[in-house]
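Asks: Below: one structure in structure tokens.
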């Protein structure tokens, strides 16, 4: 808890670049990934000591600045992680200020071993860590007070940033900070009993609300630095294309354009325009006359890919799960066999804030500003491009306008582009911006998938055999994550949600094909669950309908007996929807879906009607088991809003398609996200009471909403919907 | 390049910009007022919403040459506007924001709605905010907050 | 007395000739008029079809919808961002036509513009609820119905086609966001006005 003069805005960033010596130079994979711990599923994270002074700064005015070790991009960690620490610290919550930590070793995710946000793991992985930080700091403050007063620490208690000693003695944390900082950090500290929580488990409003409502909060795109220039890049129309030549006379004639030059990209080459202002840069970029060499790279084409994918889905892939008798399905009479084929298109994440990164290169050092979900990797990438050691590069984490996975990119392509440009403009900060068109057309999509499922329906209406083939690009093949996620030739992210199902399905086989396609792909909020949950939950519903069994009852019967969280969520949903589920008007229908992802179980029921040829969601009820709900207000927010994000999959124009290698959509007019009329009008969220370790809520809302809506639609129209997006009903 | 005399949040501002520059970028880069956001540039998302002569306007699509003397009001002025303040307070009370990037535009549209229709119905809300994108999906709480602000203003 | 009878006969023949000639002349004039009015009717209807071809072209019909939304583009898809008609055909408080459409085209950003940009009232819908253009006869009746067309008579309609800002816009529709020019109606403005004039002079006939 170092004391700082009043006019400093926070820590000296350099003080926290405790990048290990081994990190200097060398390969990405070995440096930052604690691969051993990541590969050991289900193990407790290795014990690490996190220095409190990297996380907590108690200022002389008693304000407490808490560093958040991952990006805030809407999910609320900017509030919840400080909340956890502040509770154990017994800090005055009104005096807490949260900051997004820069890139540094000490801020790595305790489980993943790299600084990142993803896998809905923020609270799950840092809950214990932030509790300990708060508890240890409190212990040090108490020890300092006890020392000063010559009493025993047991005689002291803490509340709202004040230590209270015997005989009415008090001392503010600010007064004790310096003395406390000189003490050794204890190896352990007593953590609170849940009954002692003052913040954890309570609905706590966000710290960043007001500044996001009055225009004062600065996102990465809002950054303004002296002498800063703006860059916009012309990317090849086909992924991996290269610049053959270009004419820039028209571009350069635009006022404010400074430089136009070819740059290498993650794949292929492009042309960068640097100007004084964004509008000039974009106009100039659009007026470049570029001759592209598009030879030697695949021209991905959606209709050709569908043909190929559907063919592949009819052949066995690499086996992911094989339980029971693989041949059982072949013995099933055709009349008792349900065969279903599904299609899922490419999806863009399209976070509201267009991608951007600012870099200033000064020769022997550099500074980066980015709303990054992957600070460790992006930091390394920029250093590499600039020929610097990581400790020569300061990497600031900016508040981000959404991400959904789009800001967690293994090849750090946006940061690399920015660094390449900044290197050429040494001494001048350069803000690289990807206009919305670049975002929609620029790749890194949720891959397209085809599924083919054959189900044997037993005499009791339950599945007697299940053969499932999934086709879709691997997210990690050829990357440092491959070793961890690819088993037996199957990318785990392709099959998650099906292979790990908690339904007790006998003779169950899941196999997958991971074709290579020249379209960059990426994890899209809830990843494999986006399509797998849709397939599973619509098929289960179809089976329930065939068996003439209630949707909830059928699932209850089919679930494994030890699927505790799923059963709990389902029971709670049953209870909370009893009042309306069977009392809907004639032209309404209810749809149910149940899914567990990232450790959290979610049950969802929707009440829909058809309005202007689209599903109108009057109400959604959600029951969730996420272990201990650290901030129930935040959990509720994630589910109310996450459902709307999930509806992206159903939008009539919710698909990215390619023709002869070129993306056909251009902007939100062609790739259309959900608007308010597409979202549920009301969502009530119910949390299963739990004291288990907290699990995530960032992604779990997404997989359930599309199947729930489509299951309701099926009741209204009698049709089954297996090809997304939902162009017509 | 041309020089324009603007009225922004009640103050006179002189800017020099290419006539084709959208009002959005004049606000953000010439006047350094970054509260108004760039989301799409083709008026499909509403993040850029300001008020021009009292009309909710998508500043990404209006070139500076077409603004003239009409008063421009941005999110930065909502704090001092009674309706603006009520909307912001309701937004905070209902914990509406997630990433927050779209919220300047949402609030500007909500203010325009409440000024014209102090007691909006669900349908009124849905129509006036119907063209604003929130990728995080905070639509449910936006509805609640508008109703709350309407109550507070009554 | 023989002399007077001859005079009377001459006068009688003369009067008979004149009246016959008069009757014949009247008949011919009548037939000519009738023949002439048949030609005008056909010409007027032909002129109307030319007018109809412009009215149902995208630049015009996109704002003459039967629904609560405008259309855009040559493929006449529903307008982006869920913009809707509103109670006065100008949108709603948070999302007006004027939210984007200014007094003139914004070519640098792709938003078309013109004075008082708004949707044609529902009384001037030229499509059905499935976005299909109405038949020529239906549109013609609608356009000439003074209880629906702001009480415009023939000359009033002609003046509207000649001078109304939003009509003129169709021939100066500006650039799309992608930089390409919007397509024009099938006739030039002067051809459109000339056809309107012929139709008005024929008495604004409508097909059956």
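The values are calculated or read from the model by the stated rules, or taken from the named source; none is laboratory data. Here the structure is a predicted model, which means the values were calculated and not measured. So basically every Cβ, Gly included, is an ideal-geometry build from the backbone, and we count neighbours across all protein chains shown.
Asks: Of the residues that make up the stretch B:122-142, is at least one under 26 Å from residue A:207 (Cβ atoms), out of contact with any strand residue (DSSP E or B) (no Cβ under 9 Å at 6 or more places or on another chain), part of a loop (DSSP other than H, G, I, E, B) and more than 7 Å from chain A (Cβ to nearest Cβ)? If you could, list the steps in order and put the result at the bottom.
Replies: Residues of the stretch B:122-142 that are under 26 Å from residue A:207 (Cβ atoms), as a first pass: B:129, B:132-142.
Then keep just the ones that are out of contact with any strand residue (DSSP E or B) (no Cβ under 9 Å at 6 or more places or on another chain); that gives B:133-139, B:141-142.
Filter once more, so that each one left must be part of a loop (DSSP other than H, G, I, E, B): B:133-138.
Going one step further and asking which of them are more than 7 Å from chain A (Cβ to nearest Cβ), we end up with B:134.
Yes; the residues of the stretch B:122-142 include at least one that is under 26 Å from residue A:207 (Cβ atoms), out of contact with any strand residue (DSSP E or B) (no Cβ under 9 Å at 6 or more places or on another chain), part of a loop (DSSP other than H, G, I, E, B) and more than 7 Å from chain A (Cβ to nearest Cβ).
Asks: Being touching a helix residue (DSSP H, G or I) at 6+ places or on another chain (Cβ under 8 Å) and assigned to a strand (DSSP E or B), is that true of even one residue in the stretch A:640-657?
Replies: Let us first name the residues in the stretch A:640-657 that are touching a helix residue (DSSP H, G or I) at 6+ places or on another chain (Cβ under 8 Å), namely A:640-647, A:649-651, A:654, A:656-657.
When the remaining residues are screened for being assigned to a strand (DSSP E or B), the result is A:656.
Yes; the residues of the stretch A:640-657 include at least one that is touching a helix residue (DSSP H, G or I) at 6+ places or on another chain (Cβ under 8 Å) and assigned to a strand (DSSP E or B).
Asks: Oh, and also: Picking from A:685, A:624, A:704, which residue would you name as being more than 9 Å from every other protein chain (Cβ to nearest Cβ), in contact (Cβ under 8 Å) with a residue 60 or more places away in the chain, under 23 Å from residue A:349 (Cα atoms) and not in a loop (DSSP other than H, G, I, E, B)? Steps first, answer last, please.
Replies: Working: A:685 fails: under 23 Å from residue A:349 (Cα atoms); A:624 fails: under 23 Å from residue A:349 (Cα atoms).
When all the criteria are applied, what remains is A:704.
Asks: Mind listing whichever residues of the stretch B:126-146 are under 16 Å from residue B:83 (Cβ atoms) and within 15 Å of the chain's Cα centre (by Cα)? Break it down into steps so the answer makes sense when it comes.
Replies: Going through the stretch B:126-146, the residues under 16 Å from residue B:83 (Cβ atoms) turn out to be B:128-129, B:142, B:145-146.
Correct list: B:128, B:129, B:142, B:146.
Asks: Next question. Residue under question is residue B:83, and the condition is that it be under 24 Å from residue B:134 (Cα atoms) and either facing chain A (nearest Cβ under 8 Å) or assigned to a loop (DSSP other than H, G, I, E, B) (or both); does it hold? If you could, list the steps in order and put the result at the bottom.
Replies: Details: under 24 Å from residue B:134 (Cα atoms): yes; either facing chain A (nearest Cβ under 8 Å) or assigned to a loop (DSSP other than H, G, I, E, B) (or both): no.
No: the conditions fail for residue B:83.
Asks: Kindly establish whether residue A:590 is within 30 Å of residue A:129 (Cβ to Cβ), in a strand (DSSP E or B) and in contact (Cβ under 8 Å) with a residue 24 or more places away in the chain.
Replies: Working: within 30 Å of residue A:129 (Cβ to Cβ): no; in a strand (DSSP E or B): yes; in contact (Cβ under 8 Å) with a residue 24 or more places away in the chain: yes.
Taking the combined requirement at face value, the residue does not satisfy it.
Asks: Right, here's the next one. Could you please find all residues in the stretch C:177-204 being surrounded by fewer than 17 Cβ atoms within 10 Å (Cβ to Cβ) and in a loop (DSSP other than H, G, I, E, B)?
Replies: Matches in the stretch C:177-204: C:178, C:179, C:180, C:183, C:184, C:186, C:188, C:203.
Asks: Which of the strands (runs of 3 or more DSSP E) contained wholly in the stretch A:173-287 include at least 3 residues that are within 14 Å of chain B (Cβ to nearest Cβ) and buried (at least 16 other Cβ atoms within 10 Å of the Cβ)? Before you say what the answer is, go through the steps one by one.
Replies: Working: elements: A:229-234, A:242-247, A:257-264, A:269-275.
Of the strands (runs of 3 or more DSSP E) lying wholly inside the stretch A:173-287, those with at least 3 residues that are within 14 Å of chain B (Cβ to nearest Cβ) and buried (at least 16 other Cβ atoms within 10 Å of the Cβ) span A:229-234.
Asks: Looking at the structure I just gave you, is residue A:672 part of a loop (DSSP other than H, G, I, E, B) and in contact with a helix residue (DSSP H, G or I) (Cβ under 9 Å, 6 or more places away or on another chain)?
Replies: Numbers: part of a loop (DSSP other than H, G, I, E, B): yes; in contact with a helix residue (DSSP H, G or I) (Cβ under 9 Å, 6 or more places away or on another chain): yes.
Considered against the rule, which asks whether it is part of a loop (DSSP other than H, G, I, E, B) and in contact with a helix residue (DSSP H, G or I) (Cβ under 9 Å, 6 or more places away or on another chain), residue A:672 comes out as yes.
Asks: Taking into account only those residues within the stretch B:36-61 that are away from chain A (no Cβ under 13 Å) and touching a helix residue (DSSP H, G or I) at 6+ places or on another chain (Cβ under 6 Å), which is surrounded by the most Cβ atoms within 10 Å (Cβ to Cβ)?
Replies: Restricting attention to the stretch B:36-61, the residues satisfying the condition of being away from chain A (no Cβ under 13 Å) are B:51-57.
Still in the running and touching a helix residue (DSSP H, G or I) at 6+ places or on another chain (Cβ under 6 Å): B:55-57.
Working: B:55: 16, B:56: 29, B:57: 27.
Among residues in the stretch B:36-61 that are away from chain A (no Cβ under 13 Å) and touching a helix residue (DSSP H, G or I) at 6+ places or on another chain (Cβ under 6 Å), the one surrounded by the most Cβ atoms within 10 Å (Cβ to Cβ) is B:56.
Asks: While we're on this one: Kindly indicate whether residue B:112 is assigned to a strand (DSSP E or B) and buried (at least 24 other Cβ atoms within 10 Å of the Cβ). Spell out the reasoning first.
Replies: Numbers: assigned to a strand (DSSP E or B): no; buried (at least 24 other Cβ atoms within 10 Å of the Cβ): yes.
Criteria not met by residue B:112.
Asks: Within the stretch B:11-35, track down each residue that is in a loop (DSSP other than H, G, I, E, B) and more than 7 Å from chain A (Cβ to nearest Cβ).
Replies: Passing the criteria: B:19, B:20, B:31, B:33.
Asks: Output the number of residues of the stretch A:348-363 satisfying the condition of being in contact with a helix residue (DSSP H, G or I) (Cβ under 7 Å, 6 or more places away or on another chain), more than 7 Å from chain B (Cβ to nearest Cβ) and over 30 Å from residue A:389 (Cβ atoms).
Replies: 1
Asks: Kindly indicate whether residue A:483 is assigned to a loop (DSSP other than H, G, I, E, B) and surrounded by fewer than 20 Cβ atoms within 10 Å (Cβ to Cβ). Give the derivation first.
Replies: Details: assigned to a loop (DSSP other than H, G, I, E, B): no; surrounded by fewer than 20 Cβ atoms within 10 Å (Cβ to Cβ): yes.
Criteria not met by residue A:483.
Asks: Here is a further query. Is it true that some residue in the stretch A:401-417 is within 14 Å of another protein chain (Cβ to nearest Cβ), touching a strand residue (DSSP E or B) at 6+ places or on another chain (Cβ under 6 Å) and in contact (Cβ under 8 Å) with a residue 40 or more places away in the chain?
Replies: Initial filter on the stretch A:401-417 (within 14 Å of another protein chain (Cβ to nearest Cβ)): A:401-407.
The next check asks that each one be touching a strand residue (DSSP E or B) at 6+ places or on another chain (Cβ under 6 Å); those that pass are A:401.
Next cut, in contact (Cβ under 8 Å) with a residue 40 or more places away in the chain only: A:401.
There is at least one residue in the stretch A:401-417 that is within 14 Å of another protein chain (Cβ to nearest Cβ), touching a strand residue (DSSP E or B) at 6+ places or on another chain (Cβ under 6 Å) and in contact (Cβ under 8 Å) with a residue 40 or more places away in the chain.
Asks: Sort through B:104, B:128 and tell me the only one that's modelled with pLDDT of 95 or more, within 19 Å of residue C:85 (Cα to Cα) and touching a helix residue (DSSP H, G or I) at 6+ places or on another chain (Cβ under 8 Å). Give the derivation first.
Replies: On the way: B:104 fails: within 19 Å of residue C:85 (Cα to Cα).
From the options B:104, B:128, the qualifying one is B:128.
Asks: Hey, can you tell me all the residues within the stretch B:86-106 that are within 27 Å of residue A:635 (Cβ to Cβ) and assigned to a helix (DSSP H, G or I)? Write out each step before concluding.
Replies: Keep residues of the stretch B:86-106 that are within 27 Å of residue A:635 (Cβ to Cβ), which gives B:87-106.
Matches in the stretch B:86-106: B:87, B:88, B:89, B:90, B:91, B:92, B:93, B:103, B:104, B:105, B:106.
Asks: Additional query: Can you say whether residue C:99 is touching a residue at least 60 places away in the same chain (Cβ under 8 Å) and surrounded by 16 or more Cβ atoms within 10 Å (Cβ to Cβ), as far as the supplied structure shows? Steps first, please.
Replies: Numbers: touching a residue at least 60 places away in the same chain (Cβ under 8 Å): no; surrounded by 16 or more Cβ atoms within 10 Å (Cβ to Cβ): yes.
No; evaluated as a whole, the condition is false for this residue.
Asks: All but one of (1) outside any helix (DSSP H, G or I); (2) facing chain A (nearest Cβ under 8 Å) hold for residue B:70; which doesn't?
Replies: Here residue B:70 meets the rest and fails (2).
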